Amino acid sequence: CSSMDRIPCMAAPSLKNGGSGAHYRWGQSAREVTIAINAGSRRGRDFRVEINRSRVSVATRSCGDEWQHLLRGELQRPVLTDECEWSVEDGSLIIALAKDGRLGAEAEWWTGVLAGEDTLEARTADAVAYAALEGLPEEERHLATKALAMSSGLDAVHALAAKAA
């Protein structure tokens, strides 16, 4: 059996406003966090994905009936479980976590997938990809702009906010 430790994190899909963990890359928009894990030749049945409001668990079949966890723990923020999805596409396991906007958390910036984690890579920050500011209601636009400014210190965010106002 081969170990997932020897399978590098893949580069696709293009993920903005995120970073990488031990076995995955991630990105985010104002409404969603996307996680990509290298699936290699594995198919959906070779993964066990469990998502609840505050936790995520992703495991892959390693040897026989044994499962190796690739991602497991408490999420940084709550998600809307019924709107979360996962699929295997083009050699990647893609997990889409819907941010829970009912508590005003939709536009909040995540600094990592798991609680206490700070894997955000500032070089991937893209305010336009994070939130189409002009398409958001004023309050959400303000929250998105504030979250970007606080988390990444991007001067471009201030320029976008001034332009959108």
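Figures for the structure shown
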| item | result |
| --- | --- |
| Matching residues, the stretch 105-127, being modelled with pLDDT under 90, among the aliphatic types (A, V, I, L, M) and over 15 Å from GLY27 (Cβ atoms) | ALA105, ALA107 |
| Residue under evaluation ILE37, criteria (1) at pLDDT 95 or above; (2) surrounded by 15 or more Cβ atoms within 10 Å (Cβ to Cβ); (3) under 28 Å from ARG102 (Cα atoms), criterion not met | (3) |
| Qualifying positions in the stretch 57-102 - of a type outside the set (Asp, Glu), part of a strand (DSSP E or B) and open to solvent by 80 Å² or more (accessible area, probe 1.4 Å) | ARG61, ARG72, TRP86 |
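The values are calculated or read from the model by the stated rules, or taken from the named source; none is laboratory data. As the structure is a prediction and not an experimental result, all values here were calculated from the model. We place every Cβ from the backbone using ideal geometry, glycine too, and count neighbours over all the protein chains shown. Heads up: the accessible areas ignore ligands, DNA and RNA and are worked out on the full protein's heavy atoms, side chains in. Shrake-Rupley method; radii C 1.70, N 1.55, O 1.52, S 1.80 Å.
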